[in-house]
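Asks: Mind having a look at this structure? Questions to follow.
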Amino acid sequence: MESIRSLLGKNVELKLSGCKVPITGELIDLGSDIIVVFSDTRYVYAPVHHLQHMKLSDDGEDFTPADREPLVDHQHISYRKMLMNSRGIFTEIGLGGSHPVYGYVTSIMNDYFIFYSPLYHSIYISLQHVKYICPLPPSMTPFYLNQHPFQLQQPAMPLSRTLDQQLEKFQNELVIFDLGESPLKAGLLKKVDNRIVELIEAGGKTVFLHCDHIKSIHLP
């Protein structure tokens, strides 16, 4: 990471795996496993393991310092610490699909975290599949819902340490993987065996998936 510190304060372009559109903005900070870019009016946090390339953008001049207080603490910043500091903040998360998901980080486990969304309710998101995280201003609420009636809800089911263990608890439940981006990723979770998921889709056919390729899980 030290080799790219020369780009701090400059306008850069980041190409992240799974994201069609590059992220451009001022390179603000670097952590052991995360890159921080100020893009337009917001901070974008990208885990390093999804970085395909980073370069000076065509408009690569230095920026004039401005009063842009981040919503989360940047001291000794890391991916996990950033997640912990963002709990309770309305947040946009990119998983590489067609659209980001909006909601709140509520709990962080070994290799996944719980994200509460007004649309999907509790989403179990794999840490390894998050492309970027963007905390949003305090004045914003999901779909401009009133703050008072909007309550964060924790899953009724006890949380396991790992996503594999949590998946086993969902056996014989209807599940939706990856926010339903594919019809082959929604159905009855029949069995989890040696990290292979057996899923029965709506037409009755059996589909097998490997846990490594499941980005998110929620129950309908």
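Asks: Computing the accessible area with a 1.4 Å probe over protein heavy atoms, can you report the carbon and sulfur percentage for the stretch 1-115? Can you show the working numbers first?
Replies: Values: 2830 of 5750 Å².
Here carbon and sulfur together make up 49 percent of the probe-accessible area.
Asks: Going toward the positive end of the dipole of the chain, with +1 on Lys and Arg Cβ and -1 on Asp and Glu Cβ, which of I125, I108, N194 do you reach last?
Replies: Positive-most Cα among the choices belongs to N194.
Asks: Sticking with this structure for a sec: Could you list, in their original order, any pairs among K20/K185; K15/K191; K10/K215 whose Cα atoms are separated by more than 25 Å?
Replies: On the way: K20/K185 21 Å; K15/K191 36 Å; K10/K215 32 Å.
Violating the 25 Å limit, Cα to Cα: K15/K191; K10/K215.
Asks: What value does the chain have for Rg/Rh, both radii from Cα atoms and Rh as Kirkwood defines it?
Replies: On the way: Rg = 18.6 Å, Rh = 18.6 Å.
Looking at the chain, the ratio lands at 1.00.
Asks: What accessible area per residue, rounded to a whole number of Å², is obtained for the chain using a probe radius of 1.4 Å? Present the calculation step by step, with values, prior to reporting the outcome.
Replies: Working: 11560 Å² over 220 residues.
Normalised by residue count, the accessible surface of the chain is 53 Å².
Asks: Any idea what the dipole of the chain comes to, in debye rounded to 20, about its Cα centre with Lys/Arg Cβ at +1 and Asp/Glu Cβ at -1?
Replies: Numbers: 19 positive and 24 negative charges, 123 e Å.
Charge dipole of the chain: 600 debye, to the nearest 20.
Asks: Which whole-number percent gives the relative contact order of the chain, counting Cα pairs below 8 Å spaced six or more residues apart?
Replies: On the way: 433 pairs, mean separation 31.9, N = 220.
It comes to 15 percent, rounded to a whole number.
Asks: Same structure, new question: Work out the length of the dipole vector of the stretch 1-120 about its Cα centre, built from +1 on the beta-carbon of each Lys and Arg and -1 on the beta-carbon of each Asp and Glu, and round it to the nearest 20 debye. If you can, show how the numbers build up before the last one.
Replies: Working: 10 positive and 15 negative charges, 87 e Å.
Its charge dipole is roughly 420 debye.
Asks: Taking the Cα centre of the stretch 138-220 as origin, work out the dipole magnitude from +1 charges on Lys and Arg Cβ and -1 charges on Asp and Glu Cβ, in debye rounded to 20. Write out the running numbers ahead of the final one.
Replies: Values: 8 positive and 9 negative charges, 16 e Å.
Around 80 debye, computed over the stretch 138-220.
Asks: Here's a follow-up. Please say if the stretch 160-202 is rounded, prolate or oblate, where rounded means a/c under 1.5 for a ≥ b ≥ c the square roots of the C-alpha gyration tensor eigenvalues, and otherwise the choice is prolate for a/b larger than b/c and oblate otherwise? Walk me through the intermediate numbers first.
Replies: Numbers: a/c = 1.96, a/b = 1.55, b/c = 1.27.
Since a/c reaches 1.5 and a/b is larger than b/c, the shape of the stretch 160-202 is classed as prolate.
The values are calculated or read from the model by the stated rules, or taken from the named source; none is laboratory data. Note that this is a predicted model, so its numbers are computed, not measured. Cβ: placed from backbone, ideal geometry, glycine included. Neighbour counts: every protein chain shown. Keep in mind that these areas ignore ligands, DNA and RNA; they rest on the heavy atoms of the full protein, side chains included. Shrake-Rupley method; radii C 1.70, N 1.55, O 1.52, S 1.80 Å.
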